[in-house]
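Step one of this worksheet: look at the structure below.
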Amino acid sequence: MSSLSFIFNEIFYRPLANALIFLTGFVPGHDVGLAIILLTLLVRLILFPFSHRSLFTQLKMKELEPEIAKIKEETKNRADEQGRRMMELYRRHGVSPFSGCLMLLVQLPILIALYQVFLYGIDFNAIQLYSFLARPEFIQMKFFGILNLAERSWPLALVAAGSQFLQMKLAMPSLPKGGASMREEFSRALAIQTRYILPVVVFYVSFRFPAALALYWTASNVFSILHEAWVRRRAKWLNADGRREHQRDH
């Protein structure tokens, strides 16, 4: 094993795999499905500061769209000036357009490790346990005694794809309008592919592998949807309070 593989195994894969074993022994009936949902929630809580910042940036960027469009219109043939004014706008409003990339970089190794845990079925005997953990004597691979997570499931793969579509639709409520520049056309094409093609990819991958992966994907998307809905509602409340205070001051 290379040093890079060893570091990845010890920092990401092994802790997550052991956490899944611990949670399986903790939940009622030693249900692996419940353990996967709890593990997904735990991972989402760890990543919460990064995902919350990314959502804040998305909402702020949406609010700044009129100003961004105005800058683009005023600096059509002056790329340097456009870039300078855009960065000034972002800095003035405390927005980093690269926060989404940071979120992806932070969660990518965790996602890879989780996929390795779920991808080819959950073989608890192949996982190196920490000395203070013990494998459960009994493991229930059927989620609520119905869905076998060690086998493929097209209904759950379909649910995973549907939840992915809803999550993307909430994250990108409106597709960007086509523009005259190649960059704007590329952004629109990328947004369309992300919204409609990614759920198809999710369905394909989820159906090819054991249902444990589809369950993780679905749970992660549901948590993302709830988080985004909460952030958007809170933003509306804050904006409404700000407008009321502004009206009282005037």
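Output the peptides 216-227, 131-142 sorted from most to least packed, where packing is the average of other Cβ atoms within 10 Å over each peptide's residues.
My ranking of the peptides, most packed first, is 216-227, 131-142.
For region 8-154, what does the accessible surface come to per residue with a 1.4 Å probe? Please give it in Å².
60 Å²
Once both labels are modelled 7 Å past Cα along the beta-carbon direction, what's the Trp230-Tyr115 spacing in nm?
A separation of 2.7 nm, rounded to one decimal place.
When the label point is put 7 Å from the Cα of Ile197 along its Cα-to-beta-carbon vector, which residues of region 121-161 have a backbone N closer than 12 Å?
Within reach of a label on Ile197, which here means backbone N under 12 Å from a point 7 Å along Cα→Cβ, region 121-161 contributes nothing.
The values are calculated or read from the model by the stated rules, or taken from the named source; none is laboratory data. Just so it is clear, the model here is predicted, and its values are computed rather than measured. Cβ atoms come from the backbone with ideal geometry, glycine included; neighbour counts cover every protein chain shown. When the accessible area is computed, the model is the full protein with side chains, heavy atoms only, and any ligands, DNA or RNA have been set aside. Shrake-Rupley method; radii C 1.70, N 1.55, O 1.52, S 1.80 Å.
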